[in-house]
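Chemist: So that we are looking at the same thing, I have put the structure below in structure tokens.
Each reported figure results from applying straightforward, stated rules to the coordinates on display, with no laboratory input. These numbers were taken from a predicted model, which means no experiment stands behind them. We place every Cβ from the backbone using ideal geometry, glycine too, and count neighbours over all the protein chains shown.
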Amino acid sequence: MPYNPQHDIPAHNFKKDLEYGEQGEQIVHQFLTALHDGSFEVKRDRYRNGRMVIETHQNPRGEGWKPSGINVTEASWWVYLFSDDAFIIVSVQRIKNFLKRHGFDDIEKRVMAATGDNPAKGFLLFPKHVQDLLVNELYD
């Protein structure tokens with residue numbers, strides 16, 4: 001494999017690195033403030049399979065489909081537990097950006113759960129989608 005200088009770690013610039021670190025501190029501060037104020041929603045992976053379900057609609061007692069989940073939350077942060085001691089925290093806006101970018105009609109990810117008298121619709125994100133959601137700058 002030939003040498004590619006683009007893969008080199010650039011020389012650091014203390015001032016830029018400090019500013020970047022301080023921006024990170026502000027993001028964490030904003031998150032902790034939101035957490036303190038209760039502006040988060042928690043979801044849990046019952047099956048521990050690395051997949052993430054994001055509910056968008058429900059049909060309570062067969063009365064017709066209504067927006068729910070990500071479409072109506074007032075939370076700023078979405079906490080998703082993959083197990084009792086491993087979870088991710090993603091801004092609601094980032095998730096909405098992800099879903100909008102991929103289209104709400106993307107059949108690959110659309111799921112429907114007929115659970116009793118309250119069926120729900122949403123999106124099933126596979127581990128590759130979760131990783132993309134977390135790192136891709138398209139959703140910033």
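Chemist: Given the conditions (1) in contact with a strand residue (DSSP E or B) (Cβ under 8 Å, 6 or more places away or on another chain); (2) closer than 22 Å to His129 by Cβ, report the number of the one that Tyr47 does not fulfil.
Modeler: For Tyr47, the exception is condition (1).
Chemist: So, in the stretch 51-72, of the ones that are within 13 Å of the chain's Cα centre (by Cα) and crowded, with 18+ Cβ neighbours inside 10 Å, which residue ends up nearest to Gln30 (Cα to Cα)?
Modeler: Ile70
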